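The values are calculated or read from the model by the stated rules, or taken from the named source; none is laboratory data. Note that the structure is a prediction, hence the values are computed from the model and not measured. Note that each Cβ is placed from the backbone with ideal geometry, even for glycine, and that neighbours are counted across all protein chains shown. The protein model used for the area step is the full one, side chains on, heavy atoms only, and it has no ligands, DNA or RNA in it. Shrake-Rupley method; radii C 1.70, N 1.55, O 1.52, S 1.80 Å.
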Amino acid sequence: TKAKSICLYDPNTRPSVIPDAALYRIALESWVSSVSVAKASDEDVAFTYPGLTHEDIARKWLALGVHAVFITHGMKGCSVFSKDSGRLVEGRVHDGITRTVGAGDNFNAGILSGIAASGANNVGDLATMTIDDWRKIANAANETAYHHLLEINGIK
């Protein structure tokens, strides 16, 4: 059963330790069906769903019950999808960024902070959010990850 509390899932897929992609996909979809928000990198979804577009994957996950799907594209930003539609949200690029450790975790923190800042306190609140609300959260998540990358790369 789906939790009433807001729960974010990031599969953080590691192909080198997944012997059976089809079995992994079944497990991943089971996990996605139990959360309210899902986030994955474009590398995660390319491995898990070869040949499907990000929109196809988002529709599949939204049908499993999540309220929003975020797919990150590294420094290029992310795509966010909700029941309304999808939006590409551009990130910021800096030539001095070479280390990217922790960017995904900081992006996740930005999603959750953005949800909290929106006033959403439970899954029911997420159901009323529009794609514009989710776009604002995606912007916040991009900024959180970007500032983390500046910090770990020693850029002021």
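A convex hull fitted to the Cα coordinates of the range 18-61 yields 71 cubic angstrom per residue. What the Cβ-Cβ distance of D20 and R99 gives, at R0 = 22 Å and to the nearest 0.05, is a FRET efficiency of 0.10. Charge tally around A21: other residues with Cβ under 15 Å, Lys/Arg +1 each, Asp/Glu -1 each, net -2. Using the alpha-carbon positions of the range 61-156, Rg (one decimal) and Dmax (whole number) come out as 13.7, 42 Å. Evaluate the Debye formula for the range 1-97 with equal point scatterers sitting on the alpha carbons, no solvent, and hand back log10 of I(q)/I(0) at q = 0.13, 0.25 Å⁻¹, in q order, two decimals. Log10 I(q)/I(0), no solvent term: -0.45, -1.37. Taking Cβ atoms as reference points and 13 Å as the exclusive limit, the residues near G96 contribute a net charge of +1, counting Lys and Arg as +1 and Asp and Glu as -1. For the range 47-88, the spread of Cα coordinates along the three principal axes comes to 28, 22, 12 Å, biggest extent given first. Computed with a 1.4 Å probe over protein heavy atoms only, the accessible surface of the chain comes to 53 Å² per residue. Annotation note: trypsin sites (Lys or Arg not before Pro) in the range 1-68 located in DSSP loop regions with a Cβ neighbour count of at most 16 within 10 Å are K2, K4.
Between the residues G114, G124, H147, the greatest Cα displacement towards the positive end of the dipole of the range 102-156, with unit charges on the Cβ of Lys, Arg, Asp and Glu, is found for H147. Divide the volume of the convex hull around the Cα atoms of the range 78-128 by the residue count and you get 94 Å³ per residue.
Within the range 61-106, none of the chymotrypsin sites (Phe, Trp or Tyr not before Pro) combine a DSSP coil assignment with at most 14 other C-beta atoms in a 10 angstrom radius.
When the accessible area of the chain is computed with all protein chains present and a 1.4 Å probe, what percentage of it is carbon and sulfur?
Details: 4430 of 8220 Å².
Result for the chain: 54 percent of the exposed heavy-atom area is carbon or sulfur.
With a cut-off of 13 Å between beta carbons, the residues surrounding A46 carry a summed charge of -3, where Lys and Arg count +1 and Asp and Glu -1.
In terms of overall dimensions, the range 103-156 has a Cα radius of gyration and Dmax of 12.5, 41 angstrom.
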